[in-house]
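**Student:** Below you will find the structure I want to go over with you.
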Amino acid sequence: MKITVVGTGYVGLVTGTCLAETGNDVLCVDIDKHKVERMQNGEVPIYEPHLDILFERNINAGRLKFTTSLEEGLAHGQIIFLALPTPEDEDGSADLSYVLGVAKNIGKLMTTYRVIVDKSTVPVGTAEKVTAVIAEHATVDFDVVSNPEFLREGFAVDDFMKPERIVIGSSSERATALMQRLYKPFVRSGNPILIMDEKSAELTKYASNSFLAAKITFMNEIANFCEKVGADVDKVRIGMGTDSRIGKRFLFPGIGYGGSCFPKDVKALHKSGKDNNYNFQILDAVINVNDKQKTALIPKVVSHLGDDLSGKTIALWGLAFKPETDDIREAPSLYIIDELLARGAKIKAFDPEAMDNVKAKLGDKLEYADSMYGAIANTDALIICTEWSIFRTPNFSKLRAHLNQPIIFDGRNLYDVADMEKEGFTYFSIGRKEVI
């Protein structure tokens, strides 16, 4: 099939590349001329494990191409995916200006029947808005479909190629048949393609992300309470997770969630509720608790090192909001950095992938090390913000030798408390015993 993907951000590029991998002829459209030239030259503009291999293979096979021309994209694709940004507006709502702007141009440029697919995460009712905007200018038939993505950064290629489910919101039999044909190769193992109305499909994405955010937040509340009463959150987590109704995933406490999806989607659903005279009280709590959780380590740092950190140099391991990505959007590390700098500390940081993005945002406000051990040389404490696998089994003797004091503030509970006590570290984590 001939497919066009408008927008080559995280979702668009993964979508286009993976659709090409199953033999489709894919044309990706982006207004950024420099970015398009880089992709045409075989350069992947984002970091996502395994994407580079598929990207190169499908460019070389001629199945994956790039252009800046929306008109060319509309002439090419039977199905037009809109993978455009929907950034958080000042009031927490999703900004649909990019989606509706492209929809307007599609209406003007479209010359034959096309299926327009909302791949972006959008509020309930967006398909209706897109339909209205296109219809205002269109002279040919078209259908608008909602097809939300459920991709985890760091696992996006696997998630697309082997989805747990595919959600298609469509009231058109013609469009539904095309979408089912497109996705058939991805569900050969029997995972479902769920057909529903457009509004239900739109809400499914927001509800899924908000539920997972609530699960993380609840576990962080339990961890904070564990510290008050002397319980061990790891034992509580395992005890809860063995209940099949609860499950083991998303029960790991830490310094809050970040990234491009959970913070934005929770706020957008919360705002959609207000717009429809409904107050999502549970989302009020999720937003407030997560905001505070991002700096949950700071009181521990202050309690041990003092409120005035002038003359102190703090090492930071991890800048991305999660491992296996270079995404720093709403990353807890950024909030911790702000708090440390405000107290006069100097910071030496290391992250395997995200340092360039932080440098572009914060410049020389902190020092960037070329290795995890380079970051801790002659520092007064280590703070762990991201659970990259290389941080899980460090050389503890080397750690002690590099740190001025063997102090670790672990925001991701990477190490066993008893082991850290034996190793001679002062160790603070989330919801567990402090080692002093």
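**Student:** Which value, in debye to the nearest 20, describes the size of the charge dipole of the range 49-186 about its Cα centre when Lys and Arg Cβ atoms bear +1, Asp and Glu Cβ atoms bear -1, and nothing else is charged?
**Tutor:** The calculation lands at about 740 debye.
**Student:** Please report, in debye to the nearest 20, how large the charge dipole of the chain is about its Cα centre when each Lys and Arg carries +1 at its beta carbon and each Asp and Glu carries -1 there.
**Tutor:** 660
**Student:** Then there is this: Could you state the accessible area per residue of the chain in Å², with a 1.4 Å probe and every protein chain left in place?
**Tutor:** 45
**Student:** Report the relative contact order of the range 196-252, percent, no decimals, based on alpha-carbon pairs under 8 angstrom and at least 6 residues apart.
**Tutor:** 31
**Student:** Report the label-to-label distance for N191 and N277 in nanometres (one decimal), using points 7 Å from each Cα along the Cα→Cβ vector.
**Tutor:** Placing both labels 7 Å along Cα→Cβ, they lie 4.1 nm apart.
**Student:** As a test of the formula, what do you get for the chain when each DSSP H run with n ≥ 4 contributes -39,500 (n - 2.57) and the sum is divided by the residue count, at 222 nm and rounded to the nearest 500 deg cm²/dmol?
**Tutor:** Calculated mean residue ellipticity at 222 nm is -13500 deg cm²/dmol.
**Student:** How much of the accessible area of the range 309-436, probe 1.4 Å, is carbon plus sulfur, in whole percent?
**Tutor:** 44
**Student:** Please check: in the Gaussian network model of the chain (C-alpha springs, under 10 Å), which one of T386, T121, T67 has the largest mean-square fluctuation.
**Tutor:** In this elastic network of the chain, the residue with the biggest mean-square fluctuation among T386, T121, T67 is T67.
**Student:** Go through 238-244, 251-257 and give me the packing order, highest mean Cβ count within 10 Å leading.
**Tutor:** 251-257, 238-244
**Student:** To continue, here is another question. Could you calculate the FRET efficiency of R38 with D243 from 1/(1 + (r/R0)^6), where r is the beta carbon distance between them and R0 is 45 Å, rounded to 0.05?
**Tutor:** Efficiency, from the Cβ-Cβ distance: 0.40.
**Student:** Turning to a different aspect of this structure: Short version: what are the Cα gyration tensor semi-axes of the range 301-387, square root of 5 times each eigenvalue, largest first, in whole Å?
**Tutor:** 20, 13, 12
**Student:** Apply the Karplus curve 6.51 cos²θ - 1.76 cosθ + 1.60, θ = phi - 60°, to the phi angles in the range 246-258 and return the couplings in whole Hz, x for Gly and Pro.
**Tutor:** 9, x, 7, 7, 6, 10, 8, x, x, 9, x, 9, x
**Student:** With springs connecting C-alpha atoms under 10 Å apart, model the chain as a Gaussian network and identify which of A401, A214, A135 has the largest mean-square fluctuation.
**Tutor:** Highest fluctuation among the options: A401.
**Student:** Sticking with this structure for a sec: In nanometres, what is the gap between the two model label sites at H137 and L341, each 7 Å from Cα along Cα-to-Cβ?
**Tutor:** Taking the simple label geometry, H137 and L341 are separated by 4.1 nm.
**Student:** Within the range 332-369, list the residues whose amide N lies under 15 Å from a label point set 7 Å along Cα→Cβ of N378.
**Tutor:** Zone members listed by number: 346-349, 367-369.
**Student:** Can you tell me the relative contact order of the chain? Whole percent, Cα pairs under 8 Å, sequence separation 6 or more.
**Tutor:** 12
**Student:** Go ahead and run the numbers for FRET between E421 and S97, Cβ-Cβ distance against an R0 of 51 Å, rounding to 0.05.
**Tutor:** After rounding to 0.05, the efficiency reads 0.40.
**Student:** Taking the simple approach of a point 7 Å from Cα along Cα-to-Cβ for both Y113 and E71, what is their distance in nm?
**Tutor:** Modelled inter-label distance: 2.5 nm.
**Student:** Let me spell out the model: positive unit charges on the Cβ of Lys and Arg, negative unit charges on the Cβ of Asp and Glu, origin at the Cα centre of the range 339-432. What dipole size does that give, in debye rounded to 20?
**Tutor:** With Lys and Arg at +1 and Asp and Glu at -1, about 180 debye.
**Student:** Further question on the same structure: Under a Cβ-Cβ cut-off of 11 Å, what is the net charge of the residues other than A75 that fall near it, where Lys and Arg count +1 and Asp and Glu count -1?
**Tutor:** 0
**Student:** Would you mind telling me which residue in V302, V29, V11 has the biggest mean-square fluctuation in a Gaussian network model of the chain, where springs connect alpha carbons within a distance under 10 angstrom?
**Tutor:** In the Gaussian network model the winner is V302.
**Student:** Report, by chain and number, residues whose modeled amide H sits under 5 Å from the one on A345, excluding near sequence neighbours (fewer than 5 apart, same chain).
**Tutor:** Hits under the 5 Å cutoff: L309.
**Student:** While we're on this one: If you count, for each residue, the other Cβ atoms within 10 Å and average over each peptide, how do 36-49, 315-328, 141-154 line up from highest to lowest?
**Tutor:** Listed from highest to lowest mean packing, they are 315-328, 141-154, 36-49.
The values are calculated or read from the model by the stated rules, or taken from the named source; none is laboratory data. Computed from a prediction, not measured in an experiment: that's the story for all the values here. All Cβ positions, even for glycine, are placed from backbone atoms using ideal geometry, and neighbour counts span all protein chains on display. Keep in mind that these areas ignore ligands, DNA and RNA; they rest on the heavy atoms of the full protein, side chains included. Shrake-Rupley method; radii C 1.70, N 1.55, O 1.52, S 1.80 Å.
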